[in-house]
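The values are calculated or read from the model by the stated rules, or taken from the named source; none is laboratory data. This is a predicted model, so every value here is computed, not measured. Note that we place each Cβ from the backbone using ideal geometry, even for glycine, and neighbour counts take in every protein chain shown. Quick note on the areas: whole protein, heavy atoms, side chains included, nothing else; ligands and nucleic acids left out. Shrake-Rupley method; radii C 1.70, N 1.55, O 1.52, S 1.80 Å.
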Amino acid sequence: MSYEMDEGARRKVDSSFSGKRVLGIECPLRNNTGVVCKECDRARKLWRMGTESSQQEARDRFAKPTYFANVVLKDNGNHAILKLGKKVSADILDELEQTKGPAFKFADPEEGRWVSINKKGTRPSFEYRFRLTDDVAPTIDKSEVDNLNNLNNVTFDFNEGNIDLFDISSLESGQSLIFRLLPTPTGSGKYKLLQVVHYHWRCNEADILGGEDPDDMEKPIELQDGSDFEEFMTVDETEEEEEEEEDFLKNRPPSQFQPDEAESVACFGNY
Ligand SMILES: [Zn+2]
């Protein structure tokens, strides 16, 4: 059996419902690629049923964000696309806000630094700790950065075998990954730091536009005011967050790597 066949078989298992998935099923609503998502409908119905178990199932079914970044691995100097969860991505963006320097700070190709993520704890509550080191990383050519994958089709590219992903959760507890982040080109000379994709993890591709009709499910109860349903469904940023972002964008020194403000959701902390 050839390596390619092994690889193909592995990917097939990864994308089946029963096996451990590397990537979930993209949510058209949360990713702004469509206006219908039956899985979101199912999750909302379950949430509104209002029982502990239906709400737990709703939590499992709602789309959740996964983040991707172009990185260079310190131990072999290779480029990689790193797959990260929400919390450690938030920690990276927090650190970015607190650090002085050009737009991409420690991810700047000319002034970048090595960073690390350390995996701790035991299943099911692993923790990923992000740390900015004092080690300056070597300068990287702008042309090299401009040739990086733009991460716009990361799910398709992975499923087609066009790219490999380094999944941070593949570290053993106690292990660290040392790497540098790079800006990802978005076209017309702009860059982003992270690409966010919202995935459902409890359904198949066919369940997004079809599958069990949410209207056939038990009748939901009305939501009460102040329900933490908002936690899942609110995608609008608050005014305060918008102001913070504006201040942050104003206070940076010039750089040839300009952030793409249309991509600010993943660039600068409005996650
Ligand atoms: Zn959805």
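Just a few scattered comments:
- Here the range 147-160 is the region considered, the condition is being in a loop (DSSP other than H, G, I, E, B) and closer than 18 Å to Val197 by Cβ, and the residue that is most open to solvent (accessible area, probe 1.4 Å) is Glu160.
- Filter pass, Leu132 being modelled with pLDDT of 95 or more and not in a strand (DSSP E or B): no
- Residue that is farthest from the chain's Cα centre (by Cα), among those in the range 49-81 that are open to solvent by 40 Å² or more (accessible area, probe 1.4 Å) and within 16 Å of the ligand (Cβ to nearest atom): Glu57
- Filter pass, Pro214 being farther than 27 Å from Asp75 by Cα and touching a residue at least 40 places away in the same chain (Cβ under 8 Å): yes
- Residue check for Ser143: of a type in the set (Ser, Thr, Tyr) and closer than 19 Å to Ser89 by Cα: no
- Unique residue being surrounded by fewer than 20 Cβ atoms within 10 Å (Cβ to Cβ) and within 16 Å of the ligand (Cβ to nearest atom) when the list is Lys119, Lys45: Lys45
- Residue count for the range 19-35, restricted to those that are within 9 Å of the ligand (Cβ to nearest atom) and touching a helix residue (DSSP H, G or I) at 6+ places or on another chain (Cβ under 7 Å): 5
- Filter pass, Asp6 being surrounded by fewer than 18 Cβ atoms within 10 Å (Cβ to Cβ), within 14 Å of His200 (Cα to Cα), modelled with pLDDT under 95 and more than 10 Å from the ligand (Cβ to nearest atom): no
- Sole residue being within 16 Å of the chain's Cα centre (by Cα), outside any strand (DSSP E or B) and farther than 16 Å from Leu194 by Cβ, chosen from Pro28, Pro124: Pro28
- Glu144 vs. criteria surrounded by fewer than 15 Cβ atoms within 10 Å (Cβ to Cβ) and not in a loop (DSSP other than H, G, I, E, B): yes
Yes/no matrix, rows are residues, columns are (1) away from the ligand (no atom under 16 Å from the Cβ); (2) of a type in the set (Gly, Ala, Ser); (3) touching a strand residue (DSSP E or B) at 6+ places or on another chain (Cβ under 9 Å); (4) at pLDDT 95 or above:
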residue: Ile168; (1), (2), (3), (4): yes, no, yes, yes
residue: Gly174; (1), (2), (3), (4): yes, yes, yes, yes
residue: Leu181; (1), (2), (3), (4): yes, no, yes, yes
residue: Gly189; (1), (2), (3), (4): yes, yes, yes, no
residue: His198; (1), (2), (3), (4): no, no, yes, yes
residue: Glu205; (1), (2), (3), (4): no, no, yes, no
